Amino acid sequence: MAESGKVVRYECTRCGACCRWAGDVCIEEDEVREISRFLHMDEQAFIDECCRLRANRRGLSIRDAEDGACMMLAEGGCRINPVKPRQCRGFPNQWNFPGWRGLCRAREVEKE
């Protein structure tokens, strides 16, 4: 909530900054199915080629590219944007972390 008492939401500008942060891009079983279909891949091939075990060893994450960014980040933005994981869709309105605002270019959108 903003200091004025109005609820502030953020609209993604698709700058890709969040796709370059270190950490897990967690995906759930239903997301594996949806993303693999979107990429026209067999689910097991998608898991083998595009996923890794999460740091906490409790599920899958999308692999990093050689530069540390999410491997789904392309020059034009997220390759899987229409089916991106809930984790990605929820940032920064449903979750964020201290200092995120200095890294993210999301646009403030006031809601009454």
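The values are calculated or read from the model by the stated rules, or taken from the named source; none is laboratory data. Since this is a predicted model, take the numbers as computed values, not measurements. Here the Cβ is made from the backbone with ideal geometry for all residues, glycine too, and neighbour counts use every protein chain on show. For the accessible areas, the whole protein counts, side chains as well, though only heavy atoms, and no ligand, DNA or RNA atoms are used. Shrake-Rupley method; radii C 1.70, N 1.55, O 1.52, S 1.80 Å.
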Query raised in the report: Most fluctuating residue of GLU66, GLU28, GLU43 in a GNM of the chain with Cα springs under 10 Å: which is it?
Result: GLU66
Report summary line: Share of accessible surface on carbon and sulfur in the chain, whole %, 1.4 Å probe and ligands ignored, is 47 percent
Query raised in the report: Can you give me the relative contact order of the chain as a percent, contacts being Cα pairs under 8 Å and 6 or more apart?
Result: 44 percent
Requested in this report: Alpha carbons only, please: Rg and Dmax for the chain, in angstrom.
Outcome: 15.3, 50
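Taking 30 Å as R0, compute the FRET efficiency from the Cβ-Cβ separation of ARG86 and GLU110 and round it to 0.05. Please report the intermediate quantities before stating the final value.
On the way: r = 25 Å, r/R0 = 0.82.
Calculated transfer efficiency: 0.75.
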Report summary line: Of the candidates GLN94, VAL7, GLN44, the farthest towards the positive dipole end of the chain (Lys/Arg Cβ +1, Asp/Glu Cβ -1, centred on the Cα centre) is VAL7
Report task. List the residues of region 84-112 whose backbone N lies under 18 Å from a point placed 7 Å from the Cα of ARG54 along the Cα-to-Cβ direction. Result -> 84-91, 94-97
Requested in this report: Sort out for me the Cα centre separation of region 9-26 from region 46-77, rounded to whole Å.
Outcome: 13 Å
Report task. Please list the radius of gyration and Dmax for region 48-112, considering alpha-carbon atoms only, with Å as the unit. Result -> 14.0, 46
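Within 10 Å, Cβ to Cβ, of ILE35, how many net charges do the neighbouring residues add up to if Lys/Arg are +1 and Asp/Glu are -1?
Values: positive: ARG33, ARG37, ARG79, LYS84; negative: ASP30, GLU31, GLU34, GLU43.
That sum, taken over residues with Cβ under 10 Å, equals 0.
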Query raised in the report: Once every DSSP H run of n ≥ 4 in the chain is given -39500 (n - 2.57) and the sum is divided by its residues, what mean residue ellipticity at 222 nm do you get, rounded to the nearest 500 deg cm²/dmol?
Result: -5500 deg cm²/dmol
